[in-house]
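The values are calculated or read from the model by the stated rules, or taken from the named source; none is laboratory data. Please read all numbers here as calculations on a predicted model, not as lab measurements. As a convention, Cβ positions derive from the backbone with ideal geometry for all residues, glycine included, and neighbour counts pool all protein chains shown.
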Amino acid sequence: MICMTGIRVNRSALSAAALLLWLGVAPAQDPYSEAELKKLDPAAGEQAWQQNCAFCHTAQQGGPDMSGPNLYRLFKRKVGSKDGFAYSEALAGDGRDWSPVLFAQYIADPSATIPGNVMPAVNVSADQVAALTAYVMRISGSVDWDAADAPAATGGLDADLRANEPEFWKLYTENTVKFTIPRDNGETYSFVAYFNDDGTITGNNRGMKGIWRMRDKRTFCYALERLGVHPYEWMHCFRPRAPKNLEFGSVAGSFAPVKGKDDFQIEYGFIEGRPHPLEGDAHPDYWTFLFSTTSRYEIKVDDKTEIVDAWFNPDKTITSAQGVTGTWYTRGEDGKQTEMCYSLVDVPGVDGKLSECFALVVMFNPRVGARWPSRFDEGNTYWAETVAGREPLGR
Ligand code: HEC
């Protein structure tokens, strides 16, 4: 695991409001009321989360415990009460309900707020604490502030980008961005992403979701999440300028998404145009192909890997060599099927189902040997591979 000791809160950066809060004095306008928190910029909160928390915690429903507990519905829980996580006595015995204020105090100084707790101090700057609090309230499903999860580009700064930086705009919205991530085993994993003019990011990594927006006049930020490979999600902000001497098809640059790990570099580059269509039906051969091959899943369940050789059948059932079963369906608009959803049940070690939906266009170019990482909605990550043929049932 990543060693976090030695990193301290930067006290000198405490803003007046955070300082009052830290001292336990509520300022006149309570910055931790829901009404105030709701106004804060999710991108700032997300950045703080990615840089300081995401490698020890997940927050979505069913997400795994890592070094820290899963934080799903944190603000509806008591301190130290997630089933199955081995808390310190300090947290387990605390007994208070998590509130935004308690959370902010805990982040500013874990050991002063709950003496004896074992979470290392994190260096969230004081002016980010409130935004982080609001962000965690959102992603942990503790509040229902916005029904839609991706704030699409809404005009304003986002729309100005088209006029102010036309080359950058064209580069990103008309071409394909290719990312290459280093893997533990010395190999790399590449996927492509399409930055769309509505503020969303889509691509050929099955579970991936993303958004981009302008954080302020000079800063373009995007966030990708639900990738099936480390670091699973990241956010990257930079000045929106088209790179000089851009060459399509080669590496344009690299960045380190994990704070404190500068040697972990993700490379990016551009491919001209969008070689994979983003709308419309799957490849005409997709269904015949799917119904005659095996989708081999390697699903992470706690520390183990469960292999499931799944067969998608024309009658919308899923069967498998291992007794896992499931169902699938497609959905779309205007009579076009654009998305496929499925769920698997009886995966060993998993309570309930594992499910996901993905854009059918991802399957535009199906082939035996294709291998991709992704993540179920319930949080389990997996690698899947298309294997030729099908073993007979009940082997
Ligand atoms: C190095 C790993 C690590 C990092 C980084 C980390 N945490 Fe933790 N976190 C833990 C551990 C371990 C615990 C349990 C502590 C205990 O039992 O005393 C914990 C506990 C918590 C709890 C209490 C959960 C509960 O169920 O009561 C919250 C809330 C929390 N962390 C939020 C955060 C946030 C927000 C960040 C980022 C600013 C963060 N953590 C960064 C490891 C980490």
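For the stretch 35-79, a residue qualifies if it is among the hydrophobic types (A, V, I, L, M, F, W, C) and part of a helix (DSSP H, G or I), and the qualifying residues are A35, L37, A43, A44, A48, W49, L74, F75. Residues that are closer than 19 Å to I139 by Cβ and near the ligand (Cβ under 9 Å from one of its atoms) within the stretch 88-101 comprise just one, W98.
This table checks each residue for (1) under 21 Å from E272 (Cα atoms); (2) in contact with a Lys or Arg (Cβ under 8 Å, 6 or more places away or on another chain); (3) at pLDDT 85 or above; (4) β-branched (V, I, T).
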| position | (1), (2), (3), (4) |
| --- | --- |
| K178 | yes, no, yes, no |
| I181 | yes, no, yes, yes |
| R206 | no, no, no, no |
| R213 | no, no, no, no |
| R218 | no, yes, yes, no |
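If you scan the stretch 66-87, which residues turn out to be on the phi < 0 side of the Ramachandran plot and more than 9 Å from the ligand (Cβ to nearest atom)?
From the stretch 66-87, those on the phi < 0 side of the Ramachandran plot are 66-72, 74-79, 81-83, 85-87; that's our starting set.
Correct list: Y72, F75, K76, D83.
Only one of the numbered conditions (1) at pLDDT below 85; (2) within 20 Å of V301 (Cβ to Cβ) is not met by A86, and that is (1). Give the stretch 108-132 a look and list any residue that's near the ligand (Cβ under 8 Å from one of its atoms) and either under 26 Å from the mean Cα position of the chain (by Cα) or surrounded by fewer than 18 Cβ atoms within 10 Å (Cβ to Cβ) (or both), or say none. P110, G116, V118, M119, P120, V122, V124, L132, listed by residue number.
Let's see how each residue does on (1) touching a strand residue (DSSP E or B) at 6+ places or on another chain (Cβ under 9 Å); (2) within 26 Å of E356 (Cβ to Cβ):
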position: D30; (1), (2): no, no
position: A35; (1), (2): no, no
position: A44; (1), (2): yes, no
position: W49; (1), (2): yes, yes
position: C56; (1), (2): no, yes
position: N70; (1), (2): no, yes
position: G80; (1), (2): no, no
position: E89; (1), (2): no, no
